[in-house]
Every structure is written in C-alpha cells, then in structure tokens.
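Only one structure is covered here, and it is reproduced in the block below.
The values are calculated or read from the model by the stated rules, or taken from the named source; none is laboratory data. Computed from a prediction, not measured in an experiment: that's the story for all the values here. Cβ coordinates were reconstructed from backbone atoms using ideal geometry, including for glycine residues, and neighbour counts include every protein chain displayed. Please note that ligands, DNA and RNA were not included when accessible areas were found on the heavy atoms of the full protein model with its side chains. Shrake-Rupley method; radii C 1.70, N 1.55, O 1.52, S 1.80 Å.
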Amino acid sequence: MRIGVLGGGPAGLYFAALAKKANPAHDIRLVERNAPDATFGWGVVFSEETLGALRDADRESYLDITESFARWSAIDVHYAGKIVRSGGHVFSGVARKHLLQILQDRCRSLGVEMSFLDELPDLSRFEDCDLVVAADGVNSTVRRLLEDRFRPRLDVHRSKYVWFGTTRSFDAFTFIFRRTPHGLFQVHAYPFDARTSTFIVECNQATWERAGLEGVTEEESIAFCEELFGPELEGHRLMSNRSLWVSFVTLRCESWHDGNVVLLGDAAHTAHFTIGSGTKLAMEDAISLANAIEVFPDSLESALTQYELERQPVVERFQEAARESSRYFEDVIRYTTFDPLPFAFQLLTRSGRITHLELEKRDPAFVAEVDRWFARRASGVDAVQRAPRPERTGRIPLATPPPPLLAPLDLAGVRIENRIALRAGDGPLVPSVAAALLEAPGVVLTPFVAVCADGRITPDTPVADDVAEFVPGVERSPVCVLLGHAGRRGSVMPRRHGADRPLREGGWDLVSASALPFGPRSRTPKELDRAGMDRVVEDFVAGAAVAGRAGAGAVLLECSRGYLLASFLSPLANHRADEWGGPVEARLRFPLEVLAAVRSAWDGPLGVRYSATDWAPGGLSRHDSLAAAHAFAAGGADFLDVVAGGTVAEQRPVYGRFFLVPYGDVVRNEVGVPTMTSGNLTTADEANTILAAGRADLVVLDPRIGARPTVRDGTT
C-alpha cells in the first residue's frame, strides 16, 4: 500500500513504524509541520498495562523507551499542610522529546520517508495514496477539511491550566492544593527523567480571573507560579515551552474514517490530562490500526471499520473517566472541608477506575488508615485501636478496621448498624458482601406506598393501610417506608405490561400540579386545587402515622420521577400561574408544606427522595436542584435520596456505573445534608469506594440476583 501520514507526533510515528515493520513493501510517507525536535509539553507517563502493549507491538522501540524511564510507585497529596502518600501505583515517565527521537529513529531504520517543517494546507500531496492517516493533533487540518464527514463535537472545560516543566525531580506523582485570596490552585507534577518533572498548574475560571492571569506573559505566569508553589519547588525553577493558560477541550468524533482517510490519536479524540491518557490512547490507536490493516489486507474499508469498532468504545470509556476526573478538579473546592485522609482517597478514586478494593491491593496500609479514620468518625470514639503504619513491605496492621459499609450511622438519633440499604424484594447481596448483611442490612426500603387509593401507580401498588404487611419487626434493620402519591403517573398497568400504559378498565381520576399528561398515551390529570392539596397533606400525615404504628424506623417522602410532589417541583410539569408555580421557590411551596406536616407528626428519621435533574431540556437546573436540597434540609429532612429523571416520558437518560452518585455527591458536600445514593450499584467494593470518598452516607445496593432476602419468618 501507499500510505500517507500527516502528523509526526507519537501517534503518526508509531503507526508508520508498526505498519512498515509488518509489511516492508508498504510505501509510507510521513509529513510533519514542525521541526523534528519540536514538542509542546514535557513528559509522557505510561502505566504497566500500556507498556505491555508497546512491548508486544514492537520490542525494539519498547526497549529504547524503557531504558530512559523515570519510574515511581507513589502518589503524594499535599493538602491542608500535610502530605498523604499512597503507594503501589507503578508509573513510568519519559521526556516527550526523547520519545519522539526514539520513534523517528525507528521509522528511519525501517525505511519510512519523513519530511519535517512541511506544512500541508490540503490532502493534494496524498492523492496517490491508498490510505491517508490523519495524526495531526487536536487542531487537525484533515478533520477540519472533512468536518461534515467526521462530525466532531468539542466540549470546552471550565478550568484554566498551564503546562510547565521544572528542574525539580519529584519522587512521586504529586498533587498540590494551595488556597489563596483569589481561590484554590492545584498542581499535577510528575518526573520524567533524573533531573526534570512536568508541572501543570490548574484553577477554575473565576480564580484565574481574580488572580489577574488573563493576558499575562509566559514570564509573568512563571513568576506567579514560582512564588505560589515555592515551598514545593524548593528553590528550583519553572520552565516554559509555549506555556500559556488555556482551557482543555474534549474532542469526540461521530466517525473516525471516511473513504481512505482515517483519524488517529488527538485528531480523533482527546481525554483530559488529569488521567494522563493522551499519548497512551494515541499509541494504542496506532497499534490497532496497524493490526487491522494486516488482518484485512484486501479490504481497506473492513480494516478501517474494524479499527473504529475496536478503539471507539475503549476511548469513550477513557473519556468518561477523564471527564469525571476533570470535574473533580473543577469542583475540588467542594471537598476542602475534608480531613487529609478522606480527601486523598476522594482524589485517588475520582475517575471511577480505581476503587477501594484496587487501592487495598496496591497499598493495604493506606486503605487501612482510611477505614480506621472512617470507623472512628462513624463511632464518635476511637473504636478501632490505632496501629502504626507498617513499612512498605505489604505487611497489614494486625488491628484491621472494618470497611466503611460496616460502619454505623447516626441518623436523627437512630443508630443504623451499617451503611447498606436494600429494597424489600431485591435479591441477596453478592458474595463479597459480609454475610451478616444478608440478614440485617442497615436499612430496608419498602416499595412505593401510596398515601391513598387514588395515589396508587397501578392496582397492585400498596396503600398506607397495607404497610403492616411488609414492615416486620427486624431487630437490627429499621424499615424505611417510601410514602408517595403517583399524581399523573397513576392509573397504569403493572410494569410487566410495559411502562406507563394506562389501564383499560377500572382506572381512577388523576391529579397533578398542572393539567398536563405524563406522556402521549397518558390520561390528562386535573390541576390540583387548594382543597385537593389539603386532602393530600392529610393523607401523607395519616400514612406516616400508619407507618409508625406498624413499627417503621424511618419515612421517605417520594418527590421524584414525575409523581405528584415532583410534578410541582419541575418546570416541565408545573405550568401554574398562581403561588405554587413560576420560580423554584414557588414550585417548592407545596412539597415543603407536605414535608412540614409530616415532620410535625413523625419523630423518627425523615427523608426526601427527589430528582436532581429531569434529563430533559428546560427541566430542573443545577440551581433548582441545590435550592430544593437546601429547602428540604431546612424544612426538616434528616437525609436526602438524590435520584434523576422520570419527570417526562421524552427524557434523555444517562445511565451507567455510579450514574446517580455525582448528583448526591454535590448535594451532600455543598448543602451539608446526609444523602443516600443508588444507581446500578451491586458490590461491596462500590459501596466502600463511595462511602470512604465522602460521596454519600448510605448506599442502596441493587444486586438483582438469586433468591429474595428473608427479613422475617420467611416473608419478604
């Protein structure tokens, strides 16, 4: 094949070398706009997994790369005047310029034709090529020329960052957090040779503006950052290489190839630098593309399709992890009230790729310290004897503390023995959860219980008078009764017949905040008037009283997913022009009235489940969500169960691992109220990760496997 490669970064060079090595008959020409020794950035970091892929793809270049590595296994977090270290992470770094030299030498030895300082305004020079590989970076000329084919989407991040080098060689991947009168600044620093480290400074837009950094020169930026981080630099200097304050852009392309043109590396995608994946992803792209060409030598379209099918899902997962990581740093001010240990744990688990269990494998002593801190805080006393941190030999302290999910929780004066909530009727926990939880989770959640017959969702929905049937006298597990009114989502068939399908016979009249049907097939409800509101309030109070007589330990008010109280809260369901409609404060008025009435009649733990987002345009804003959380907490809610969606049938849900956790995290750490979280959470490891990171106080596990748990005398 005749192959033209546009771009002489790691992606283009590595692909050219691999393709030429696989088939010396390929005629490969690489064109780069910059000089061969030009590079923007300092060091490149590789994980052990990536190194294994490079070794298998081309051992010669792998050996050259690894000979000059700086290696380290620790992560240091400088925060609140302390340094917290976590070991066992195993990173390797190399100077980006040296990496380029190695790959250029490899290409040269294999016979790849390379041209530098060669700007191509279009693809006319590659007209005779069978394949054109666009590896020309995030500002790709090829992608711009064929924008309508690749359909790129650009997501500009909210923070500003500047990429320096420094003559100080750190001995760990180092995070530094520094409060200033302007706001919070943070550093990501790591070594890449014996004398030099990368030193990235980041802050949010508002802090950057208050610090007067808009429009400053490179020299002024260096002077500012050297003074700010003088203690950590220890007299060493910062170095610039076109180091300007910019905002990161996450790039996604709907398609990665068109005809004989294919995108590679940053030309196709980017992932935020906080998980250090840009060069890794680019070189793995090169491996995949070179392999695909060899697997399908007679069909270029099959090869490019195979490459895209293999790499796009992998990259999308990394981008999602990188987005979570970048959001952490954009909003890290939220966690600056944390103690150093949980702060460091929160940072290390920010992207979801590293969990409590994975950290325990890497550094059991660090996780034991975190668990010990959590147990002491949960108990209010030094319940677990302190053991000295062992030397880094893998030895675990003898006094092993319980994991966070087994720590107690004081909720409005009621002791919850552990942090796991199970829905009545769910399957048992996966085997990795302590066996004791099978018999006694921290909390048992009932299904939706209607406060009146007309508040049912389906004919099978239990009403408050039925509560005694499934609130057993569990000695160690208080039962939390979910009280609600279906509103416009009522009078439908059971879910086994399909979602929100209206009853053909035996239905009942519906009420809602406004006379708006839930979906195109739904019945139109009546707008709830004042007299109807009074009846609803009375029904909620009566339902709480029944729950109390039945022995319930807690009550949770349903104000989510489009049911009656939620319909008042959301602007998509509430079009009222009276005192219960309009701004969020008015839309909250009736749900808060119900909360106040139940609070006055119920002495035990009282929670509110509410949707933080409608997952639909024009729905609840972030301001609305936080206003609701503040109002519910001030109105007497002891905890909040923060969920999402369900307000309108045409919602655009975003599911996935931990998908509800970020909503509850914001509420817990910005409003300061205990939260319960859920959303495809199935393992003890996930629960421990969320709890130890301070992202929730109770976790609803959703195992959905095996037999249903027995909570009393064989009754579920």
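Under the rule of at least 5 residues apart or a separate chain, name every residue whose amide H is placed under 5 Å from the amide H of LEU445.
LEU422, ARG423, ALA424, CYS480
What FRET efficiency, computed as 1/(1 + (r/R0)^6) with R0 = 25 Å and r the Cβ-Cβ distance, is obtained for ARG376 and THR180, rounded to the nearest 0.05?
0.20
Calculate, for GLU358 and LEU117, the FRET efficiency according to 1/(1 + (r/R0)^6) with r their C-beta to C-beta distance and R0 51 Å; round to the nearest 0.05.
0.65
Suppose we keep just the DSSP beta bridges with both residues in the chain; what percent of those would be antiparallel, to 5?
50 percent
How long is the gain from GLN205 to ALA53 if the chain were fully straight, where each residue apart is worth 0.36 nm and the alpha carbon distance is subtracted?
Length gained between GLN205 and ALA53: 50.9 nm.
Per residue of segment 240-256, what does 6.51 cos²θ - 1.76 cosθ + 1.60 with θ = phi - 60° give for ³J(HN,Hα)? Whole Hz please, x for Gly and Pro, Karplus curve as stated.
10, 9, 6, 8, 10, 6, 9, 10, 5, 10, 8, 9, 10, 10, 5, 10, 9
How much length is gained if the chain between GLU585 and SER255 is pulled fully straight, taking 0.36 nm per residue apart and subtracting their Cα-Cα distance, in nm to one decimal?
114.4 nm
Count the lysine pairs in the chain whose Cα atoms lie under 28 Å apart, taking only pairs 8 or more positions apart in sequence or on different chains.
10
Whole angstrom only: what separates the Cα centroid of segment 1-27 from the Cα centroid of segment 235-257?
What the calculation gives is 25 Å, centre to centre.
Once you place label points 7 Å from the Cα toward the Cβ at ASP148 and THR337, how far apart are they in nm?
Placing both labels 7 Å beyond Cα along the Cβ direction yields 5.4 nm.
Using helices alone, I'd like the mean residue ellipticity at 222 nm for the chain: each DSSP H run of four-plus residues gives -39500 (n - 2.57), total over residue count, nearest 500.
After summing the helix terms and dividing by residue count, I get -10000 deg cm²/dmol.
What are the ³J(HN,Hα) values, in whole Hz, obtained from phi via the Karplus relation 6.51 cos²θ - 1.76 cosθ + 1.60 with θ = phi - 60°, for each residue of segment 498-515 in sequence order, with x given for Gly and Pro?
x, 7, 6, 8, x, 5, 7, 9, x, x, 9, 5, 10, 10, 7, 4, 9, 7
Give me the 1.4 Å probe accessible area per residue for the chain, excluding ligands and nucleic acids, in Å².
Heavy-atom accessible area per residue stands at 41 Å².
Please report the accessible area of MET1 (heavy atoms, 1.4 Å probe, ligands and nucleic acids excluded) in Å², nearest 10.
Looks like 60 Å² after rounding.
5 Å is the cut-off here: which amide hydrogens, built 1.01 Å from N in the peptide plane, fall below it relative to GLY581, excluding neighbours closer than 5 in sequence?
Residues meeting the amide H criterion: none.
Given the protein chains as shown and a 1.4 Å probe, how many square angstrom of PHE116 are accessible, to the nearest 10?
Counting only protein heavy atoms, PHE116 exposes about 50 Å² to solvent.
Efficiency by 1/(1 + (r/R0)^6): what FRET value for ASP155 and GLU214, r their Cβ-Cβ distance, R0 = 25 Å, to the nearest 0.05?
That pair, ASP155 with GLU214, gives E of 0.70.
Tell me the Rg and the Dmax, in Å, that the Cα atoms of segment 143-210 produce.
16.8, 48
Per residue of segment 218-234, what does 6.51 cos²θ - 1.76 cosθ + 1.60 with θ = phi - 60° give for ³J(HN,Hα)? Whole Hz please, x for Gly and Pro, Karplus curve as stated.
With the stated coefficients, segment 218-234 comes to 4, 5, 5, 4, 4, 4, 4, 6, 5, 6, 5, 10, x, x, 7, 6, 6 Hz.
What percentage of the solvent-accessible surface of the chain, computed with a 1.4 Å probe over protein heavy atoms, is contributed by carbon and sulfur atoms?
Here carbon and sulfur together make up 50 percent of the probe-accessible area.
What residues qualify as long-range amide H neighbours of THR675, i.e. H under 5 Å apart, gap of 5 or more or another chain, H built at 1.01 Å from N?
Counting only residues 5 or more places away or on other chains, the set is LEU640, ASP697, LEU698.
Going by accessible area, probe 1.4 Å, with all protein chains left in place, what is the ranking of ARG158, ARG55, ARG334, largest first?
ARG158, ARG55, ARG334
From largest accessible area down, sort HIS356, HIS257; use a 1.4 Å probe on the protein chains.
HIS257, HIS356
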